[in-house]
Amino acid sequence: MLVIVKENYDEMSKEAAKIVASRLRRKPNLVLGLATGSTPVGLYKELIRMHKEEGLDFSKVVTFNLDEYIGLPPQHDQSYRYFMDVNLFNHINIEKRYIHVPNGMADDIEAHCEWYEEQIKKFGGIDLQILGIGANGHIAFNEPGSSLGSRTRIKTLTQQTIKDNARFFKSIEEVPKYAITMGIGTIMEAKEIILLASGKNKADAVKAAVEGPITAMCPASIIQMHRKAFVIVDKEAASKLSQEFTG
Ligand code: GLP
């Protein structure tokens, strides 16, 4: 695990974009795992800039998103599919058929989760997975207590996550209570991982993930077991780490 502390959100985003771009130049048909939330937006902006100004080519890239709310159709402005369209896909030359986001409207959710896992395998596994982190240490929608070996499945969101995500909805009642999420086992099979965190409200979660015990109570702590993980954080998110890490 390589912890990289950057001065601010912008620097954090650029550092992550540099790594993504280098992997993409090396392997044009990169299988990229993507995350939603406010944290990776700066990374996506930088990738869009690199596409427009430097010709970074996404035409062969295959993507798999981590999660999706159950009950929100792809056109819903709070669905993760919509988020990805607006913040990345609509601005780069990615092929629609190579985009995968779990379908929160699937009739048979369990069968859909199995299908999702099969698709990841079919494309040879995820090369590089982008992750954010919840204030309670969750990754994707793997809430505290999730099995560290879990696969793509339905999860019930905790009150804290519902509260945290209410800012995107008109009222807290509108926040879905269930989601489809890649499992922790699924995420750990990615060949490389970049976990991003920014801001003071992530400092406790970052400390628990990087320096705490590996425990299902902080799902992000499993990253300590990954063979090639980058934890890229800004100074505020790193403020509770006891060790000194450099940028
Ligand atoms: C949601 C997503 C996670 C994300 C987390 C943090 O719960 N399912 O993938 O990491 O929010 O979001 P933010 O980056 O907005 O703090």
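Some notes on this structure:
- Put 96, 207 in order of accessible area, highest first, and with a 1.4 Å probe you get 96, 207.
- Accessible surface of residue 46 - all protein chains present, 1.4 Å probe, nearest 10 Å²: 20
- About the centre of its Cα atoms, segment 108-192 shows a dipole size close to 200 debye [charges on the beta carbon of Lys, Arg (+1) and Asp, Glu (-1) only; nearest 20 debye].
- Neighbour net charge for residue 199 - beta-carbon separation under 14 angstrom, K R +1, D E -1: 0
- Only helices enter the 222 nm calculation for the chain: every DSSP H run of n ≥ 4 contributes -39,500 (n - 2.57), and dividing by all residues gives -9000 deg cm²/dmol, rounded to 500.
- Straight-line cross-link reach from residue 170 at under 16 Å between alpha-carbon atoms covers these aspartates and glutamates, not counting any fewer than eight positions away in the same chain: 77.
- Vicinal HN-Hα couplings computed from phi for segment 69-79 (Karplus, 6.51 cos²θ - 1.76 cosθ + 1.60; Hz; Gly/Pro x): 5, 7, x, 9, x, x, 7, 5, 5, 10, 6
- Taking other residues whose beta carbon is less than 12 angstrom from the beta carbon of residue 227, and scoring Lys, Arg as +1 and Asp, Glu as -1, yields 0.
- Note on the chain: with neighbouring protein chains present and a 1.4 Å probe, carbon and sulfur make up 51 percent of its accessible heavy-atom surface.
- Exceeding the 29 Å Cα-Cα cut-off - candidates 6/191; 155/200; 45/235; 14/177; 96/155: 14/177
- Computed magnitude of the charge dipole of segment 143-243 (debye, nearest 20; Cβ of K, R +1, Cβ of D, E -1): 80
- Cα-centred dipole magnitude for segment 2-234, charges only on beta-carbon of K, R (+1) and D, E (-1), debye, nearest 20: 520
- Whether segment 2-234 is rounded, prolate or oblate, judged on the alpha carbon gyration tensor where a/c under 1.5 counts as rounded: rounded
- Per residue accessible area of segment 2-234, 1.4 Å probe, in Å²: 43
- Taking Cβ atoms as reference points and 14 Å as the exclusive limit, the residues near residue 237 contribute a net charge of -2, counting Lys and Arg as +1 and Asp and Glu as -1.
The values are calculated or read from the model by the stated rules, or taken from the named source; none is laboratory data. Everything numeric in this text was worked out from a predicted model, so none of it was measured. When we count neighbours, we look across all protein chains shown, and the Cβ atoms used for this are built from the backbone with ideal geometry, even at glycine. In case anyone asks, the SASA skips ligands and DNA or RNA and just uses the protein heavy atoms, side chains included. Shrake-Rupley method; radii C 1.70, N 1.55, O 1.52, S 1.80 Å.
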